[in-house]
Every structure is written in C-alpha cells, then in structure tokens.
Amino acid sequence: MYDIFEKTGDIMKKRTERLIFGIGSVAAATTAAVLATSKITKTLVDTALAREQPQKTKRITNTQIDKFIGQDVTNSISEYSQKLEAIPMRDVEITADDGTKLVGHYYPCENPERIILAMHGWRSKWSKDFGTSADFMHNSNCDVLFIEQRGQGNSGGDYMGFGMTERFDCKNWVEWLAENTENLPIFLLGVSMGAATVMMASDLELDKRVKGIIADCGYTSANKIFRHVAKNTLHVPYSIKSGEIDSLCEERINYKTDDWSTTDSLKNTTIPVLFIHGTADTFVPVEMTYENYMACASPKKLLIVPGAAHGCSYAVEKDNYEKTVLEFFSTYGN
C-alpha cells in the first residue's frame, strides 16, 4: 500500500511540475507578447512625435512618401528647397509659452501688401514645403515668415504635437508679427501638419490683423491621421493599442490623440479659410479636407486639385492655385 501511494505521489509530482512548467511557459510567452506590443506601441508614438524617428519606420515612411509623390517631383522639390535656403533672410527666434525656443526666417519683399505666416508639415522643413511657391508669394507682394516647427529643424523641443501644441506656437508667432512688423494684413498658411496647426489656432484670440487662413492638405485630428498612417503606411494595427498610445502621447506632450481637432476649432472660428487638397493624396485623404470644410463656421472657399498627391497641388495646378489664392487675398485682405 505504501508503494502505491509513493508511486502515485511521484506521478502527481511530475504532473504538477509539468503543469507548473507549462504555466510558466505560457506566462513567459504572454510577457514576451506584452513586451513586444509595448515596443511596437512605443515605436508608433516615437514615429509620430519624437524628434528622432526610429530607423525602422523612417525607411518605411520615406519610401512611402517618395512613392506617393513620385521621384521626379521629389527631386524638383529638393532643388527648390535648396534655392530658397540660399536666399538671405532675417533669422528670428522667440520663446513659446512653455519655454521652448522657436526659430523662423523672415523673407521681405520690396512693396509688401500683406504678411504670410507659413508653417510646414510633419517631418518636413520650411524650405521643402514652400520652396515651389516661395517665388509666387514674394512676387505677389507678400512678406513671408517661414517657421521651423517645434521638435524639428533648429527649433527646440523633443516632440512634435500634431498641431495640438503648435497651435499655441502659431499664436506666439502672430504676436511677434503684431509687435515687430508694419500694420499689414496677416494670413496664416500651412501644409499638412502645418495646415492642421493653423486650423487649430483659428479659434484662439489672435491679433485682429489676421485676415485669413490657407490650409493645404490638412488632416482633422491626430487620432484620425495616426490611425490612417498606421494602417496604410506602417501596416500595423492601431485599435488594440489605442489606449496605450494615448497614455504615451499624454506623457510626452500632455495631450491624448483625440483631445483636440481641427474641426473643434473650425466650428468656432470667425477667420475666413481657404481649403486646398489634391484628390490623389494617399497620405492625408482628401475626405479630411471635406470634413474640415463642412465643420468651418466662417466664410470659406474650397480648391480641390484632381490628380495632385500630398502637398503637390501648387505643382499640379499652378495657375489655378495662384488665381484662387490671390482672389482670397483680395477678398479678405482689407
């Protein structure tokens, strides 16, 4: 009888050890999966917000952007960018409300009729986004203040804010213009994230000299563009990580991805807005501009450019673009 119990005990002991080992393996696998998920989430957030983009996603986004726009157009943009950077300008530096150093470049013309505050997009730069249209603005009697957005270029900050933090920077730049330039109408111009920035700033208490906003290929919110880029560019699931993504965003920039949007501001703005977007934009879908246009409570104009990729409306329909912008200046610039 003792031998039976002893053998039974040995069997149970071995089964228990196997069970414990199995549970441990499952737990280890689960922990590994959680860590992998957390790593993916951090990579997504750093791709969106961090000054230094992770190399693994940098290759993907650069390749996709070149694919969206086309290599010939990319090369042309690069040439115009270098040309604009070679022009002597007045370098300007201000301090944002949160203490971040911000840098801009003031490009005056001979007989200015207005001033344009130009804000570039996500992981871009002022000369790249406005290189092709800089001569048009200059020759149309516009002084231009080109901004280097926070978390990019020579401006300070470790993170970008997808317009939620930059909208206050925009207000600070308007205040600088109000104090340091002659009494001319001011127009806010933004491309992509720069467009989201100026739209999100549209319901702030801006100086009365701000007469209009030009929003070229802007998205509606950080949340929606995060989801779009995660799915269509990076090919990773967003929904199952949305809570953790929001937590990391809040930790880095004090905002969750859906804390503010362009439509929130546009519903309350009184500043006229010209919306521009290309139908072939696969990076920021044209439907987002339609949504922004519908939300806008102020006088508004819509220019949709057939066949234009992201940020390429000016290159595709230069004459129509210039005509529409000049009409906008004439209508609201008094």
Open item on the list: So, in region 79-107, exactly how many residues are in contact with a Ser or Thr (Cβ under 9 Å, 6 or more places away or on another chain) and part of a loop (DSSP other than H, G, I, E, B)?
Closed with: 3
Open item on the list: From the list VAL305, VAL229, exactly one residue is under 19 Å from SER133 (Cβ atoms) and open to solvent by less than 30 Å² (accessible area, probe 1.4 Å). Which is it?
Closed with: VAL305
Open item on the list: Yes or no: region 138-161 includes at least one residue that is assigned to a helix (DSSP H, G or I), touching a strand residue (DSSP E or B) at 6+ places or on another chain (Cβ under 9 Å), in contact (Cβ under 8 Å) with a residue 40 or more places away in the chain and open to solvent by 10 Å² or more (accessible area, probe 1.4 Å).
Closed with: no
- [ ] State the number of residues belonging to region 168-188 that are open to solvent by less than 10 Å² (accessible area, probe 1.4 Å) and not in a helix (DSSP H, G or I).
- [x] 3
- [ ] Can you confirm whether region 30-41 contains a residue that is at pLDDT 85 or above and on the phi > 0 side of the Ramachandran plot?
- [x] no
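The values are calculated or read from the model by the stated rules, or taken from the named source; none is laboratory data. For clarity, every value in this text was computed on a predicted model and none was experimentally measured. Note that we place each Cβ from the backbone using ideal geometry, even for glycine, and neighbour counts take in every protein chain shown. Quick note on the areas: whole protein, heavy atoms, side chains included, nothing else; ligands and nucleic acids left out. Shrake-Rupley method; radii C 1.70, N 1.55, O 1.52, S 1.80 Å.
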